Amino acid sequence: MKILTKRAFGLLLLALILLLGLSVFTFRYVKDARAWAQYPTNKHLFQNGQLLTTGEIQDRNGEVLYRAEQGVQSYHSSDTVRKALMHTTGDSYGNVATSVQVAFGDRLSGWGPVNGAYRFNDKSFGTDVTLTLDAELCAEAFQALKGRKGAVGVYNYKTGEILCMVSSPSFDPEHHPDVAANPEKYDGAYLNRLISAAYTPGSIFKLVTAAAAIDKMPDYDSKVFHCEGEKLIDGDKVTCPSPHGEVTLKQALAVSCNIAFAEISLELGGQTIQSYAEKAGFNANLEVDGIKAARGKISTADAKGGDLAWAGIGQYNDTANPLTFMAYMGSIANQGVRVNPWFIDQNSSLLKLLPDFGVKKKRILTRETAETLKTLMRNNVTEEYGEKNYKELELCAKSGTAEVGGDKAPHAWFAGFMNREDCPLAFVVIVENGGSGSKVAGAVAAKVLKAAEKKLTSD
Amino acid sequence: MDNFIDSVGNLTESTASILGNIPAWLGSILAWLGNVPVWFGDMKASVEGYLADPIEFVEFYTFVVRWIFPVLTSIIFVRCIMPLLQGGVSSRIWGFLEIKGGYRIAVRHWENSIGRSKLSDIVINLPFVSRSHAVLSYGEGGWHITDLESTGGVLVNGEKVERTGCVQIGDTISLSGADFLFLPGDENCESLKKESRFDWLLKLGQGFTSGKTLLMILMFQFFGSVQLCLSINEEWAGKAAYTFSIYMLSECVYYFLLKKFTKKYIELELLIYFLCGMNLFVVAAAAPGQLYKQLAAILLGLVSYSIIQILIKDPGLGRKLKYALVACSVVLIILNLTLGEARFGARNWINLGFITIQPMEFVKVAFVLAGTATLDKLLTTRNLTAFIGFSGACIGALILMRDLGTSVIFFVTFLVVAFMRSGDIRTIALISSGAALGAFAVVSFLPYIASRFQAWGHVWQYADTIGFQQTRTLIAAASGGLIGLGGGNGYLVGIAASDTDLVFGILSEEWGFLIAMIVVLIVVFLAFLALYLMRDCKSSFYAISACGAASIFIIQTILNVFGSLDLLPLTGVTLPFVSNGGSSMVVCWALLAFIKASDERVRPGFSGAGAAAACDEDSDNGYSDPINPVDLNVAKRNDARTLTNLFQRKGKGNAAFPGSSAAESRYDDRDEFERWFDEETAKQNGDGSGGKGGAEE
């Protein structure tokens, strides 16, 4: 029998394969079961592809933005709010991947790992999801975009709460339009541009180059750059709209002198630019409540000459994700520490008991560098963008007008923060093909920030 | 250098990405945990909301019992497997081989290989003994010795044995000149316990009585059937209640029959009771119209299980059964090929007018038997032609029937059994590479099967087309959570073949992930049990048939469960004992008989005073033991030879034999060589068990 026992390993192998397969399945189950349950044909949770019964999605003031009761979906009463928050609530058919209905469908519908999709007496164990967003502020921002494509984000750089998250174009989820039939009007309407898009950053990228310059150029304060309107670098022409003459770093940032920043980039080298960009969040996916934001890209490590010069001023092949860049603004405002943005309030979870749990903090600039950048950005507003446009906001900002090639108008960027203890807000505005950054995007930012300031101070 | 840096960079990057994923996994687990208090909090907050509408009794019932089921199942599982692993390795000793000098080697099986090889059952470490020298076997009323074409030859009482010869108690067997006296075993059902590191664990199971376990199973099935009767359509509820009652009653009756008439452990049957109970629950939810048929199949299975056990109690009879069944199978295969009907793409059904059956299911029993062989045949003729021929015929017929799943079952079982028989990797490699090529051809020829391979691993891409069944199973599994939604509350039952191919999905949706897992673990346990029992099988007939049966169970489970969960292509085979299907159920019981037959142990209730009775009982049943107790006593008297003293001394001292000068002086006529031979033999046969048998009296 001994010899047979030895030869029976075939059976042992089969049994081990079965055990191994079970472990693989268990692993997948732990990892993916919540996604499987959220498949719209699951009759336990969905009816005709729409959530059957859910808790409510509420904004920070308790406004009900969405709920489903026995397959009947209801949204906010104001159509502007519905449109402004469509990307956050979702569109009932699960088209917006980063929406609460999709990403937090399990919590809304009451699916849990132990209970599964169990419903007691036809009532689910779905719970409410409270957002940190302010519905009115979002509506304000959506209106300020005036139907242009783009995104607006505002967040508290001390706590990480996102107050405003708007993406355009949008539509009314209560009267779902035929998106496919209007590709021009609803171009990328299912995309939350703040989270899921990446654009050429243009001049706002100079804030990254400037941070590198402050750290790595001992004479950054005194060095003078000469701008004659254009300059040839290894055969590539770098241009400014008009000659700026002799400028310091401070002035160069304020007037957004390309030639000065091209020279800085060449002096610092591609490696340094890339490492500072990566500190600022480029080449990585920022996570917002577990939702991965798009990745802004930078690759200057091997770039030389004209490519490097253009890369240092936010052109070349640079791309930036608006949300990630907003978080970079927050880090400058918060003495170099980036507080990760979030918008789902963990109000009834145990996690709340742990102070700051889930709020990720990361120092990405030294305190001194952040302070220096802050004064430079403040100078931008007072000297160039006009303090009267941003009265009492204590605004620190940088505009960007990103050339996108062809005969299309440039993307208009405006990013920065309010340097106020009672209103610690960082923001980003992008208007696709909007034109001048400070004029177009700056106007949107002014409107939204004034509304936000009023809300925060009136409480 | 750059290359080197690059490669290091890549390495660190990939490591970083793996490490980077860990927080993400932890994060998702934390998020899961985070959800628990969320719904607890919510439940508390809105209890009024849940109670506002009028609530039916079944809602309350499900709310409570769904928590009880997994707990009860876990307890049942542990209570069943612990006793089955009890007793360590305990087996009877059928006789002894005594070498000159009084040292005795236990004959533990009905078939024992003797030789120099470490893999022999009786190791004789003498250079002139062949590696596999002879086989000492019991059958047809007496002991035989078979010469395995050894160089030195075999003599019984001085006469040369040509191939096979009879051996009587008291005969002298001579292997290449080394003499052994063949002595009878002990009259008691001797159980030798090997010390094991896991003894403490196994001891925990000693208090588990099978009666209480049965009671728990009945409790589970009672609560479960009430749950189902309340949840399913009212017109079926009565029928279901009736079916469940008969089933539970038959469980009890069969249990008491076993308790009264057999000496073996009953937990194996209890485990299968549990599986069949799950089978009825699945059928009641998915196809209540077939409940009576399924109940009849279970009862028929029990009958065939008992009959086969009786038939193969004597391996000689088992061998005759083998030829009869193989002949029947050939007829069945031919009938199937000529009269077969196609269902779900495979033409493997025969309609007998009043009932449809799957003949290939029954062929499995013959297939397992066809693989068996006695140890002497196994060690002399490595000829697998007959077995290969029969397997080839079965698999070829299955390919003609387009039944890919079943042909894989036969093929893998063939590999397991063929290797047990030949031990030759090259033969197996040749056969499997040929078969792999054949399978490749089959797959590419039949677009019907190819599409299943196309969906494999990408079911979510084809979620509503060719991945439909798998994605629905995964959705169902996720919807059930750990503890399930309650029997009869699932939606998967609405999908075609859900009660056969996707039965794991129904189990996890309605009964929860935990119970579904335990159901599969029970099948895994059957394989480990077969392997565990094999070491002490009295005949290779039982060892091979048990392994063959367990292989069929395991490979079917792998194909069924993994097919529905997208770990393998979906092939449409049944999950043993759980899937709906009459032929499958009867055959599973029949196959289980082979595993049961390899269990030689006596359950605790029969040990001690009962042990002798158990032996007597065997004789009463008209089944004669190799050693007749009367012969034994005679032999004992005649063969006193003061062995007892010697072994008592050895048992205490456990020194190298022969240790003391007293012993040596008694046997001082022995030369150095023989002493060395004794020591080596004692070592090779391990743990001194050869001597202890006598010493412990």
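The values are calculated or read from the model by the stated rules, or taken from the named source; none is laboratory data. Values in this document were obtained by computation on a predicted structure and should not be read as measured data. With ideal geometry, Cβ positions are generated from the backbone for all residues, glycine too; neighbour counts draw on all protein chains shown. Note: accessible area is taken over every heavy atom of the protein model, side chains too, but ligands, DNA and RNA are not part of it. Shrake-Rupley method; radii C 1.70, N 1.55, O 1.52, S 1.80 Å.
Observations on the model:
- Equivalent ellipsoid dimensions for region B:236-310 as semi-axes, Å, which come from the Cα gyration tensor, largest first: 25, 12, 11
- Spread of Cα-to-Cα distances over 10 Å intervals beginning at zero, given as percent, for region A:25-75: 25, 36, 29, 10, 0
- Translational diffusion of region A:127-223, µm² s⁻¹ [Kirkwood Rh, Cα pairs; Stokes-Einstein; 4 °C; 1.567 mPa s]: 79
- Amide N proximity, region A:402-421 versus A:Q335 label position 7 Å along Cα-to-Cβ, cut-off under 20 Å: A:417-421
- Here the convex hull built on the C-alpha positions of chain A has a volume of 210 cubic angstrom per residue.
- Helix A:9-37 and the long axis of chain A differ in direction by around 60°, with both axes built from C-alpha atoms.
- Convex hull volume of the Cα atoms of region A:372-459, normalised per residue: 80 Å³.
- 1.4 Å probe accessible area per residue over chain A, in Å²: 38
- Förster radius 56 Å - calculated FRET efficiency between A:E287 and A:S222, Cβ distance, rounded to 0.05: 0.85
- Here the Debye sum runs over all C-alpha atoms of region B:238-393 as equal scatterers in vacuum, and log10 of I(q)/I(0) at q = 0.10, 0.18 Å⁻¹ comes out as -0.52, -1.23.
- Comparing the full protein assembly with the isolated chain (1.4 Å probe, heavy atoms, ligands and nucleic acids excluded), the residues of region B:552-566 losing at least 30 square angstrom of accessible area are B:I554, B:I558, B:F562, B:L565.
- Across all directions, the shadow cast by the convex hull of region B:75-176 built on its C-alpha atoms averages 8.5 square nanometres.
- Under 11 Å from a label point set 7 Å out along the Cα-to-Cβ vector of A:S23, no amide N atom of region B:549-587 is found.
- Distant alpha-carbon pairs in region A:223-318 (separation over 19 angstrom), percent: 45
- Contour minus Cα-Cα distance for B:A496 and B:Y242 (0.36 nm per residue): 88.9 nm
- Largest first, the extents of the alpha carbon coordinates of region B:317-406 on the three principal axes equal 45, 25, 18 Å.
- Pair A:T239, A:E368: separation of 7 Å Cα→Cβ label points (nm): 4.0
- Each of A:V359 and B:K259 was given a label point 7 Å from its Cα along the Cα-to-Cβ line. The distance between the two points is 6.5 nm.
- Other residues whose C-beta falls under 11 angstrom from the C-beta of A:V64 contribute a net charge of -3, scoring Lys and Arg +1 and Asp and Glu -1.
- Length available on full extension from B:A296 to B:F440: 0.36 nm per residue minus the Cα-Cα distance, which gives 47.9 nm.
- Kirkwood-based shape ratio for region B:401-552, expressed as Rg/Rh from alpha carbons: 1.06
- Descending semi-axes in whole angstrom, ellipsoid equivalent of region A:1-144, from the Cα gyration tensor: 46, 16, 12
- FRET efficiency estimate (nearest 0.05) - Cβ-Cβ, B:A327 to A:D79, R0 56 angstrom: 0.10
- Both radii were evaluated on the Cα set of region A:263-344; the Rg over Rh quotient, with Rh as the Kirkwood radius, amounts to 1.02.
- For the listed residue pairs A:K297/A:K408; A:K250/A:K398; A:K206/A:K362; A:K231/A:K279, the alpha carbons are over 24 angstrom apart in A:K231/A:K279.
- The C-alpha atoms of chain A define a longest principal axis, and helix A:367-380 lies at about 60 degrees to it.
- Interface between chains A and B: roughly 6600 Å² of accessible area buried, both sides summed (probe 1.4 Å, protein heavy atoms only).
- Relative contact order [Cα under 8 Å, 6+ residues apart], chain A, whole percent: 14
- Region A:301-349 and region B:231-294 have their alpha-carbon centroids 65 Å apart.
- FRET efficiency for the pair B:I55 and A:K450, taken as 1/(1 + (r/R0)^6) with r the Cβ-Cβ distance and R0 = 51 Å, rounds to 0.45.
- Along each principal axis, Cα extent of region A:179-282, largest first, Å: 56, 31, 26
- Euclidean distance between Cα centres, region A:92-106 to region A:260-295, Å: 30
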